[in-house]
Amino acid sequence: MTQITYPCPICQTPTTWSDNPNRPFCSKRCKLIDLGAWASDEYLIAGDELSLPEHDESSEY
């Protein structure tokens, strides 16, 4: 079977797909760097901005 090699999206290190538990990243470190980027709004998904409903303090859940 042919090993598929691709660059890590964070550090560009060549890595293989089939035996990598962190795919598409090369390591857990790169996986966490990517998660941190999403959490700090470094990445955005294109689309129209949605307006959120006003929060009513007196409403019950």
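If the Cβ limit is 8 Å and pairs must be 6+ apart or interchain, which residue in segment 36-53 that is modelled with pLDDT of 90 or more pairs with which residue that is in a loop (DSSP other than H, G, I, E, B)?
Ala37/Tyr43
Only residues that are loosely packed, with under 14 Cβ neighbours inside 10 Å and part of a loop (DSSP other than H, G, I, E, B): list them for segment 1-13, please.
If the condition is that a residue be loosely packed, with under 14 Cβ neighbours inside 10 Å and part of a loop (DSSP other than H, G, I, E, B), then Met1, Thr2, Gln3, Ile4, Pro9, Cys11, Gln12, Thr13 are the ones that fit.
Find the residue count for segment 14-37, including only residues that are assigned to a loop (DSSP other than H, G, I, E, B) and loosely packed, with under 12 Cβ neighbours inside 10 Å.
Final tally of qualifying residues: 4.
Being farther than 20 Å from Gly36 by Cα and in contact with a Ser or Thr (Cβ under 6 Å, 6 or more places away or on another chain) is the filter here, so list the residues in segment 1-23 that pass it. So that I can check it myself, show each step before the final result.
Within segment 1-23, the subset farther than 20 Å from Gly36 by Cα is 1-6, 14-20.
Within segment 1-23, Gln3, Thr5, Pro14, Thr16 qualify.
The values are calculated or read from the model by the stated rules, or taken from the named source; none is laboratory data. For clarity, every value in this text was computed on a predicted model and none was experimentally measured. Cβ coordinates were reconstructed from backbone atoms using ideal geometry, including for glycine residues, and neighbour counts include every protein chain displayed.
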